[in-house]
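Participant: Have a look at this one before I ask anything.
The values are calculated or read from the model by the stated rules, or taken from the named source; none is laboratory data. Since we're looking at a predicted model, the values are computed, not measured. Reconstructed Cβ throughout: ideal geometry from the backbone, glycine too, with neighbour counts over all protein chains shown. Heads up: the accessible areas ignore ligands, DNA and RNA and are worked out on the full protein's heavy atoms, side chains in. Shrake-Rupley method; radii C 1.70, N 1.55, O 1.52, S 1.80 Å.
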Amino acid sequence: MPTMNRNEFLLQMDEILDLPAGTLRGDEKLEELTNWDSTSLITFIAMAESNNGANISPGQIVTCSTVADLLQLAQVERSA
């Protein structure tokens with residue numbers, strides 16, 4: 001199963017959060033993202049599971065504070 005790289009994942013997160021492509025860089029704080037809500041959280045979990053095979057619970061996401069934390073949780077490779 002092909003996995004998404006960091007850039008692909010960030011672009012998908014832009015789309016989930018209704019942001020212009022290329023907006024997210026990874027260091028953004030989740031609490032500062034206007035559209036980070038329960039719907040985007042569930043969409044993120046589904047995306048991580050279907051693209052990277054990551055098994056993530058909502059409880060794990062609660063411990064994340066930045067987009068980079070989400071990427072790590074989703075097992076996204078750092079290299080492009």
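Participant: If you roll a 1.4 Å probe over segment 6-73 with all protein chains in place, what percent of the accessible area is carbon or sulfur? All intermediate terms of the calculation are to be shown ahead of the outcome.
Facilitator: On the way: 1860 of 3840 Å².
Answer for segment 6-73 is 48 percent, counting heavy atoms of protein chains only.
Participant: Using a 1.4 angstrom probe, figure out how much accessible area segment 6-73 has per residue, in square angstrom, rounded to the nearest whole.
Facilitator: On the way: 3840 Å² over 68 residues.
Accessible surface, normalised per residue, equals 57 Å².
Participant: Taking 0.36 nm per intervening residue step and subtracting the Cα-Cα distance, what contour gain separates T43 from E15 on full extension?
Facilitator: 9.0 nm
Participant: Taking H as built 1.01 Å from N, whose amide H comes closer than 5 Å to the amide H of T66, not counting residues under 5 places away?
Facilitator: Amide H neighbours of T66: L30.
Participant: If you don't mind, there's one more thing I want to ask. In debye, nearest 20: dipole of the chain around its Cα centre with unit charges on the Cβ of K, R (+) and D, E (-)?
Facilitator: Working: 4 positive and 12 negative charges, 48 e Å.
With only Lys, Arg, Asp and Glu charged at Cβ, the dipole is about 240 debye.
Participant: Would you mind computing, in nm to one decimal, how far apart the modelled labels at T23 and R6 are, each placed 7 Å from Cα along Cα→Cβ?
Facilitator: 2.1
Participant: Still on this structure, please answer the following. Of the listed values (i) 17, 15, 12; (ii) 28, 16, 14; (iii) 22, 15, 11, identify the label whose number matches semi-axes √(5λ) of the Cα gyration tensor in Å calculated from this model.
Facilitator: (i)
Participant: At a 10 angstrom cut-off on C-beta neighbours, averaged per residue, how do the peptides 48-57, 4-13, 34-43 rank from highest to lowest?
Facilitator: Working: 48-57: 15.3, 4-13: 18.4, 34-43: 13.0.
Result, highest mean first: 4-13, 48-57, 34-43.
Participant: Tell me which of L11, Q72, P58 sits at the most positive position along the dipole axis of the chain, charges placed on C-beta atoms (Lys, Arg +1; Asp, Glu -1).
Facilitator: Most positive-ward Cα: Q72.
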